[in-house]
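K.L.:
Below is one structure. I have some questions about it.
Derivation of every value follows stated rules applied to the coordinates shown; laboratory data play no part. Computed from a predicted structure; not experimentally measured. Here the Cβ positions follow ideal geometry from the backbone for every residue, glycine too, while neighbour counts run over all protein chains shown.
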Amino acid sequence: MKRMLVSFAAALTLFGCAAIHKNQQNPYGHRLFIEQFLDPRNPLDARIENTINALRANPRSATLHNELGQLLREKGFPKDSEVEFERAVNADPRLFSAWYNLGLVRQARGDYPGALFAYRRTLHYRKGHSAALFQLGLMEEQRHNTEAAVDYYAKAFSINHSLLDVRVNPRIVDSKLIDLALLRLYPIEHARESTQFEPTPPGYVQPNLEPAPSPQPPATAIVPPSAPVTNPAQQTPPPKPPV
C-alpha cells in the first residue's frame, strides 16, 4: 500500500511538472485574466481576442506579440502591454518597432533605465529612428541634461521634420528646448537649402568623348642580314706550299 502511494505521488509530481512546462512554453494555453473583460461586440476587444487565439497557435510570433501589446495599451492594460512587447523582442530581437514600443511603456511608468535601454536597442537595429531620438531627447530634458537633449532633438528633426508638427508628435509640447534644437539645426539646414543644384537640361545628349584610335605605322618586312658579298678579284690567293 505504501509503495502504491509513493508511486501515485511521483506520478502527480511528474504531471504537475509537465503542466508547468507546457504553460511556460505557451502562456496562452489557458484563459487569460484580461479575457474576462472583453466584449466580442466591441471591435477593439474582438481584435484582442483574435490576436490571443492566434498566439495560442503560434506563441513565438514576434509580430503577434507586438500587435497584442499595442491593443492592450489601447485597452488600458499597460502592464500586460509591456509583457507582450518583451515577449516580442525575446522572440525576435531585431524587431526594432517592438523595442520602441517597449521604450514608450517603460518611459510612461517612469522606468527611465529600462526605456533608455529599449530606445538604444531601437537605434541599434534601425539607424536614425527619429522618434526614438526624440524620446531620448525628452528623457534627457526631464533629467535636466540640456546639452544631450538638444543634441537628440536636433538629430531627430534633421531626419524627420514632421516631428515638429504637434499633430504628428503631440509630445513636442512637453519640451521647452525646441528653439535651442532648431538653432542647433540651423547651420546644417541652411547649408543644405542654400546649395542650389541644377538638373540636367532637357534634351541633353551626351557626346561621344571616347578618344579616336591613333593611326598605326604600316608594317614593314624584316629582311634578315645576309653574308657580305666579296669581289673574287679582290681575294688574296692562298700561300703556295713550300717545295
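K.L.:
For THR200, THR63, THR51, THR122, what ranking results if the residue with the fewest other Cβ atoms within 10 Å of its Cβ goes first?
P.N.:
THR200, THR63, THR51, THR122
K.L.:
State, to one decimal in nm, how far the label point of VAL205 lies from the label point of ILE159, with both points 7 Å from Cα in the Cβ direction.
P.N.:
Calculated label separation equals 4.7 nm.
K.L.:
Suppose a student asked you for the relative contact order of the range 128-195, using Cα pairs under 8 Å spaced at least 6 residues apart; what percent would you report?
P.N.:
With pairs under 8 Å counted, the relative contact order is 30 percent.
K.L.:
Quick one: dipole size for the range 18-89, taken about the Cα centre, charges +1 on Lys/Arg Cβ and -1 on Asp/Glu Cβ, in debye to the nearest 20.
P.N.:
220 debye
K.L.:
Which order results if GLU140, GLU210, GLU84 are arranged by neighbouring Cβ count within 10 Å, fewest first?
P.N.:
Ordered by Cβ neighbours within 10 Å, fewest first: GLU210, GLU140, GLU84.
K.L.:
Okay, moving on. For HIS30, HIS144, what's the fewest-to-most ordering of other Cβ within 10 Å of each Cβ?
P.N.:
HIS144, HIS30
K.L.:
Please list 3J(HN,Hα) in residue order for the range 55-71, calculated via the Karplus relation 6.51 cos²θ - 1.76 cosθ + 1.60 where θ = phi - 60°; whole Hz, with x for glycine and proline.
P.N.:
Going residue by residue, I get 6, 4, 7, 9, x, 9, 7, 5, 5, 5, 4, 5, 5, 5, x, 5, 5 Hz, with x marking Gly and Pro.
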